[in-house]
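The values are calculated or read from the model by the stated rules, or taken from the named source; none is laboratory data. These numbers come from a predicted model, not from an experiment. Cβ sites come from the backbone with ideal geometry, for glycine too, and all protein chains shown count toward neighbours.
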Amino acid sequence: MITTKIAIVGATGLVGQMMLKVLQERAVAGEYFLFAGPNHAGDKITINGDEYVVETLTRERVNEIKADFALFAAGAEVAAQWASIFVAAGTTVIDNSSHFRMDPTVPLVVPEINLSSIGDAKLIANPNCSTIGAVVALAPLDRVYHIKRIVYTTYQAISGAGSNPHFKHPITNNVLPDIDVLLPDGSTKEETKMINETKKILGRNEIAVTATAARVPVANCHCVAINVEFAREPDLIEVKNILSNAAGVVWCDDYAVPTQVSGQDAVYVGRVRRDLDHPRTLNLWTVSDNLRKGAATNAVQIMESLLA
């Protein structure tokens, strides 16, 4: 019996730990190789009843294990240095960082939307956590009504900032509208990610997209308020039918909140209503677990599709 070799790079971080949790929940069998920074070398982690020791990355070790898949959860700098080394060893890399997302040679994948874009690629990018939560809901509507413009407003949980987050202002009782680096045009890097990634995933560079991304004092789950304009007027009954039957979506007649969605893999969509001043435009409210579907689960689903 051939055993799938799976490397986890950044295995001790929030997303890396969630990847291991999701892999076990989904009963993904394999031989695991766990990598993290020097501070965690020697840590022991149990997976499916077997104990594994966390290692530091070396070129020799990568070439020795020749993993079938490497799930990266270690940030852009690590991805930039090590992804190509794994690929050269014959490994398919699924990277959760932002480093490769807008590389035109690297597919940016949400399994419910664009699995076919992978082709024979050995390096695959996982989108931004807020982008995933939005496009899973938007893609099935785009297929029917053809999106012209999107206005995003995000309400992003503290867990999206990592294990030891640092903010410009206290997050308690606050809302901070400046996630990631401020760019010369006044937008933030997080907002630019959502704009560019949405176009790439939907394969629609002509869509007009704008975003405001804010951090809120919520432990887990990102919420996105979406105002979306279509080429023709949507029918609300049909919209409900489309979203109720869409892969990865849970329709809410009312709405969902983070405490309901945390720990779930679906994107919850509610408060779907017309923009009263624009008949071809809808307002939506989406909630998704940013550590699961926004990161770990999406990566694992990509790997599962390739294994299948």
TODO: Specify the residue that is nearest to the chain's Cα centre (by Cα); the eligible residues are those in region 215-229 that are surrounded by fewer than 22 Cβ atoms within 10 Å (Cβ to Cβ) and over 14 Å from Val151 (Cβ atoms).
DONE: Asn220
Open item on the list: Quick check on my filter: what residues within region 79-91 are surrounded by 20 or more Cβ atoms within 10 Å (Cβ to Cβ) and either not in a loop (DSSP other than H, G, I, E, B) or not polar (S, T, N, Q) (or both)?
Closed with: Ala79, Trp82, Ala83, Phe86
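Hey, which of the helices (runs of 4 or more DSSP H) in region 195-308, taking only ones fully inside, have at least 1 residues that are among the basic types (Lys, Arg), assigned by TED's automatic domain parsing to the domain that holds Gln156 and farther than 26 Å from Leu71 by Cβ? Step through it out loud before you land on a result.
On the way: elements: 236-244, 258-261, 297-307.
Answer list for region 195-308: 236-244.
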Open item on the list: Restricting to region 1-27, and then to whatever is touching a residue at least 60 places away in the same chain (Cβ under 8 Å), assigned to a loop (DSSP other than H, G, I, E, B) and not hydrophobic (A, V, I, L, M, F, W, C), can you tell me which residue is surrounded by the most Cβ atoms within 10 Å (Cβ to Cβ)?
Closed with: Gly10
Open item on the list: I'd like the full set of residues that are free of Cβ contacts under 8 Å to residues at least 12 places away in the same chain and on the phi > 0 side of the Ramachandran plot, limited to region 28-55.
Closed with: Gly49
Open item on the list: Can you pull out every residue in region 189-214 that is buried (at least 17 other Cβ atoms within 10 Å of the Cβ) and closer than 17 Å to Ser97 by Cβ?
Closed with: Glu190, Thr192, Lys193, Met194, Asn196, Glu197, Lys200, Ile201
TODO: From (1) assigned to a strand (DSSP E or B); (2) modelled with pLDDT of 95 or more; (3) over 18 Å from Ile94 (Cβ atoms), pick out the condition that doesn't hold for Tyr32.
DONE: (3)
